[in-house]
Amino acid sequence: MKRSNMLALILFGFLFVGLMTFVIIRLSISCIFWTYSRPIDKQHVFKLCFPYYIIVLTIMCIGLIMNSDYHPLAMCYFSCVYFMAILTWKYELKSSLKKNQNFAVEPNLSQLP
């Protein structure tokens, strides 16, 4: 194979693995929010589930890095997975805050004569 074809295949492989990783992380976090009946209360879900999710993810990432004998590619991949999960949680919480903002001002009619 030519060198340019091999480079294209390697880039395609990295893109495919990255996209599949993002989809799996996004689905795992979305399933947590879908299991609760009240979609308005995303901050409560965040406070309840985020610590456990991150603890399990940290243990899994560290365990898989140790299992791969600290290979640099494994370290980079699982570090990216960890930060991608944190950013996805942040995005999920931020999007819920934007949806719930209400800029309408209620008049206070109790003190009118």
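The values are calculated or read from the model by the stated rules, or taken from the named source; none is laboratory data. Note that the structure is a prediction, hence the values are computed from the model and not measured. Cβ atoms come from the backbone with ideal geometry, glycine included; neighbour counts cover every protein chain shown.
Within the stretch 10-41, track down each residue that is over 23 Å from Ser79 (Cα atoms) and more than 14 Å from the chain's Cα centre (by Cα). The answer is Trp34, Thr35, Tyr36, Ser37, Arg38, Pro39, Ile40, Asp41. Consider the stretch 46-69 and keep the residues that are among the hydroxyl-bearing types (Ser, Thr, Tyr) and closer than 22 Å to Tyr91 by Cα. The one that is surrounded by the most Cβ atoms within 10 Å (Cβ to Cβ) is Tyr53. If you go through the stretch 35-45 and keep only what is surrounded by 11 or more Cβ atoms within 10 Å (Cβ to Cβ) and of a type outside the set (Asp, Glu), you end up with Tyr36, Pro39, Lys42, Gln43, His44, Val45. Counting the residues of the stretch 14-55 that are among the basic types (Lys, Arg) and touching a Leu at 6+ places or on another chain (Cβ under 7 Å) gives 1.
Taking the stretch 22-58 as the region of interest, how many residues are assigned to a helix (DSSP H, G or I) and among the polar types (S, T, N, Q)?
Qualifying residue count, the stretch 22-58: 4.
Taking every residue in the stretch 59-74 that is assigned to a helix (DSSP H, G or I) and modelled with pLDDT of 95 or more and pairing it with any residue that is loosely packed, with under 13 Cβ neighbours inside 10 Å and of a type outside the set (Ser, Thr, Tyr), at least 6 positions away or on another chain, yields no pair with a Cβ-Cβ distance below 7 Å.
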